[in-house]
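Structure first, then comments.
The values are calculated or read from the model by the stated rules, or taken from the named source; none is laboratory data. Everything numeric here is computed off the predicted structure, so don't read it as measured data. Glycine also receives a Cβ, built like all others from the backbone with ideal geometry; neighbour counts cover every protein chain displayed. Please note that ligands, DNA and RNA were not included when accessible areas were found on the heavy atoms of the full protein model with its side chains. Shrake-Rupley method; radii C 1.70, N 1.55, O 1.52, S 1.80 Å.
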Amino acid sequence: MKKVCILFGFIFILIGCNQEQALIEVDPVESKDVDDIPFATFINDEKSDAKEDKKEESNAVKLEEKRITTAKEKNSGHDDKHIKEKKSETHSYMRDINKRYKIKNYEGDIHTLKYTGKYEHSPNDTNLWVSEEIGETSHSTMHEDEDGLYEGVIESEYWMVLPYPIEVGITYEEYMLNNVYMEITDVGLTKQVTAGTFENVVEVTSIYSGEDTYISYFAPNVGTIYTIDPDGEVVFELLEIIP
């Protein structure tokens, strides 16, 4: 009987030790490491940044597709490789202040633009032009710097219409007028309009708000001579240069 009691006592001691060891070996639940929390957020941020990058590139992609399509439709005889290599001679694309310019605008109205002096509320050497038909109520401005050619209206804003340097592939994004993304898509052209034939003409393809595409042509010492809208309709044309 004594041996049985000793045996049961030994078993109880073993069970008690095992339970105590189990309690010791079970670690308390650790709090979540704060360094691990932002990890998923970082991944989401990277995905968000990637989406923003794609969004910023969308206008450029659309313009490139438009440019290629336009080049093919024009059937100018130049392949894309040749076009990209073309550069224009150095010219000013400002209007000659000693001449007058008869134009037809997008509404079909005809105006004769005449230089009237400098506009002091814009950058230096900003020329002020007025329509002879409308007079003082129709002033516009034009100036250029190393970055491009600008047009504008008095007591308001001015915006870039032709980026410099004159070289195929040069791009510019103008936010003043409906978020315009523009690219020089051809240079060194000879273009005939109602006012005559012009050389060293530059072609600029512009996408307004990521949708509507306009193509404009600029001649040295003249500025814009011709613009067509997304439907191929003429919305601006130079009709005559008057000495």
Cα point-scatterer Debye curve for region 137-176, base-10 log of I(q)/I(0) at q = 0.14, 0.23, 0.26 Å⁻¹: -0.34, -0.75, -0.88
Viscosity 1.567 mPa s, 4 °C: Kirkwood-radius Stokes-Einstein D of region 184-235 over Cα pairs, µm²/s: 114
Contour minus Cα-Cα distance for residue 109 and residue 125 (0.36 nm per residue): 2.9 nm
Inter-label distance, nm, simple model (7 Å from Cα along the C-beta direction), residue 194/residue 146: 4.0
Approximate spin-label separation residue 211-residue 91, in nm, with each point projected 7 Å along Cα-to-Cβ: 3.5
Between region 169-230 and region 86-144, the alpha-carbon center distance in angstrom: 16
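Identify the GluC sites (Glu not before Pro) of region 131-201 meeting these criteria: DSSP loop state and at most 14 other C-beta atoms within 10 Å of the C-beta.
Filter output for region 131-201: 132, 133, 146, 155, 157.
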Which of 191, 118 is most accessible, then next, and so on - probe 1.4 Å: 118, 191
Nitroxide proxy distance, nm - points 7 Å out along Cα→Cβ at residue 99 and residue 132: 1.5
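Short version: what are the Cα gyration tensor semi-axes of region 124-216, square root of 5 times each eigenvalue, largest first, in whole Å? Before the final figure, lay out the partial values.
Numbers: eigenvalues 105, 67, 38 Å².
Sorted largest first and rounded, they come to 23, 18, 14 Å.
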